[in-house]
Amino acid sequence: MTFNEIRSILTTKTVGIAGAGGLGSNCASALVRVGIGKIIIADFDIIEESNLNRQFYFKSQIGMKKAIAIKENLLLINPDAQIETHDTFLTPENIPEIFNNCDVIVEAFDKAEQKQMLIETVLSVWPEKPLVIGLGMAGFGDSNNIKMHREGNLFICGDELSEISDLNPPIAPRVGMVANMQANTVLEILLN
Amino acid sequence: MEITLNNRIETFDADEMTVSELLEIKKFTFKMLIVKINNQLVKREDFSHSVIKDGDIVMVLHLISGG
């Protein structure tokens with residue numbers, strides 16, 4: 001497929017991203033660059049200095065709501081991109097409404113509890129909708145253990161092992177690898 | 001019974017068991033899990049009464065923080 005052929009398919013598609021942190025902000029940036037028709041992103045958080053080691057934000061944006069800053073940054077890549085943001089904490093009650101029209105949903109949360117909530121909600125509300133999750137990306141090195149594996153309509157990206165801690169922090173290279181692997185998986189789903 | 005658990009064949013003495021029993025036998029003590037039986041989600045509140053039978057394909061995904 002030529003890039004024009006790829007783009008002409010992707011421009012008709014909508015992707016939902018739950019969370020605009022390390023996974024969500026970088027995944028969204030890749031998806032905007034390839035020309036996804038519409039991206040819907042939800043996050044309630046505020047940008048902190050500690051986010052800048054991996055998230056697609058800038059020093060001048062510290063203190064801003066991520067929902068506002070991510071839209072600003074994505075529109076710098078492509079001013080014509082359709083970006084819908086929700087400055088809200090995602091719950092089983094609002095997920096069905098916010099992501100209803102998405103062809104694919106990307107799970108891009110930080111905490112395991114939130115991942116669990118989103119996966120359970122999406123798989124119960126839309127058993128057929130593809131869901132791409134990020135699982136295991138802490139630390140550095142060990143590139144070859146980052147992989148994608150599929151369980152029905154659930155696509156799992158990451159090493160599935162490395163949990164974040166003070167001694168195993170999430171930092172740009174591996175978080176970016178998983179975020180881009182999620183974006184790559186979205187393309188695989190939408191283009192096949 | 002024989003089931004496929006996370007892509008591996010496993011044999012158990014019992015003819016069937018609940019998801020909770022499986023998690024206990026396998027010592028899957030993680031708090032945050034996603035369980036599917038034959039590609040159908042089993043919600044956490046249903047672990048104690050959802051039954052796994054011979055031939056079932058079971059996925060137990062351990063959710064870890066990071067993102």
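Since every read-out is calculated from the coordinates, none of them should be taken as a lab result. Computed from a prediction, not measured in an experiment: that's the story for all the values here. Because the Cβ atoms are built from the backbone with ideal geometry, glycine has one as well, and the counts that use them run over all protein chains shown.
In the set (1) without any contact (Cβ under 8 Å) to a residue 12 or more places away in the chain; (2) more than 18 Å from the chain's Cα centre (by Cα); (3) more than 25 Å from A:Asp45 (Cβ to Cβ), the condition left unmet by A:His149 is number (2). The residue that is nearest to the other protein chains (Cβ to nearest Cβ), counting only those in region A:36-50 that are in contact (Cβ under 8 Å) with a residue 12 or more places away in the chain, of a type outside the set (Phe, Trp, Tyr) and surrounded by fewer than 19 Cβ atoms within 10 Å (Cβ to Cβ), is A:Asp45. Out of the residues in region B:46-65 meeting the condition of being in contact with a Phe, Trp or Tyr (Cβ under 8 Å, 6 or more places away or on another chain) and surrounded by fewer than 19 Cβ atoms within 10 Å (Cβ to Cβ), tell me which one is nearest to the other protein chains (Cβ to nearest Cβ). It comes out as B:His62. Among the residues making up region A:1-35, those that are in contact (Cβ under 8 Å) with a residue 60 or more places away in the chain and more than 14 Å from chain B (Cβ to nearest Cβ) are A:Met1, A:Ile6, A:Ile9, A:Leu10, A:Lys13, A:Thr14, A:Val15, A:Gly16, A:Ala30, A:Leu31, A:Val34.
Looking only at residues of region B:17-45 that are surrounded by fewer than 14 Cβ atoms within 10 Å (Cβ to Cβ) and of a type in the set (Asp, Glu), we find that the one that is nearest to the other protein chains (Cβ to nearest Cβ) is B:Glu45.
Within the set A:Lys71, A:Lys59, the sole residue that is within 17 Å of A:Ile98 (Cβ to Cβ) and free of Cβ contacts under 8 Å to residues at least 60 places away in the same chain turns out to be A:Lys71.
Which members of region A:86-114 meet the condition of being among the β-branched types (Val, Ile, Thr) and within 12 Å of A:Asp45 (Cβ to Cβ)? Answer for region A:86-114, where residues must be among the β-branched types (Val, Ile, Thr) and within 12 Å of A:Asp45 (Cβ to Cβ): just A:Thr88. For region A:153-174, the set of residues classified as facing chain B (nearest Cβ under 8 Å) and farther than 20 Å from A:Val104 by Cα consists of A:Glu160, A:Leu161, A:Ser162, A:Glu163, A:Ile164, A:Pro170, listed by residue number.
For region A:87-146, taking the residues that are among the acidic types (Asp, Glu) and outside any helix (DSSP H, G or I), the one that is nearest to the other protein chains (Cβ to nearest Cβ) is identified as A:Asp110.
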